[in-house]
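Notes to accompany the following structure.
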Amino acid sequence: MDEKRVVKVSKFLSLVLRHDPGRIGVTLDEGGWVDVDELIAACAARGRSFSRAELDHVVANNDKKRFALSGDGRRIRASQGHSIPVDLGLASVEPPAVLYHGTGAATVPVILREGLRPMSRQDVHLSADKETAIRVGARHGRPVVLEVDAAGLAATGHEFRLSANGVWLTDTVPPDRLRRLTG
């Protein structure tokens, strides 16, 4: 499967599994899962054909591990990043002392004033390393990395969850728990 095709299928799956399953006429269950055969058939019916082997290749080789297959391989879901309500069933876990958030320079003044909010997503997304935060921020212009006092937040009862692909999720981060590192 050539790289161009991988990216095309991956982007379409992200759209359907994170934001708009109705676009192809499927419904996600409460955990965000949909039957693989149903997904493939619905995509094909709307001119977006790909095989099970291609789907498996996209899931296995996506650099951000955006998708997960159920243990029996019959269902698929996005690992995180939903703008539609789903319950990923992730337990609250103790975060590392510091986490990072990458953003574009244009949004930094608002974030430092109001804190991090999920905006159109269900959760605020954080990373365990600065390099990932830089890559995320670069998608939004000149990247800026913000350091999050995760240990301090957790000590006050703030909840963190870790997605299957290593993205840290939380509801909000108040501005007093942020520090600008770069940009």
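The modelled label-to-label distance between residue 20 and residue 94, using points 7 Å beyond Cα along the C-beta direction, is 4.4 nm. Farthest toward the positive end of the dipole of the chain, out of 154, 80, 108, is the Cα of 108, where the dipole comes from beta carbon charges about the Cα centre.
Is the stretch 3-78 rounded, prolate or oblate when judged by the Cα gyration tensor, a ≥ b ≥ c being the square roots of its eigenvalues, rounded requiring a/c under 1.5 and prolate requiring a/b larger than b/c? Rounded is the answer for the stretch 3-78, as its axis ratio a/c remains below 1.5.
The GluC sites (Glu not before Pro) of the stretch 5-104 meeting both criteria, a DSSP state outside H, G, I, E and B (loop) and at most 12 other C-beta atoms within 10 angstrom of the site's C-beta, are 30. The string of couplings for the stretch 64-79 from the Karplus curve (6.51, -1.76, 1.60, θ = phi - 60°) is 9, 6, 5, 10, 10, 9, 5, x, 8, x, 8, 10, 9, 8, 6, 6 Hz, one whole number per residue in order, with x for Gly and Pro. The Cα-based radius of gyration and maximum Cα-Cα distance (Dmax) for the chain are 17.4, 50 Å. Helix 36-45 and the longest principal axis of the C-alpha atoms of the chain enclose an angle of approximately 70°.
Values in this text are rule-based calculations from the coordinates and carry no lab data. As the structure is a computational prediction, the values presented were derived from the model and not from experiment. Positions of Cβ are backbone-derived with ideal geometry, glycine not excepted, and every protein chain shown enters the neighbour counts.
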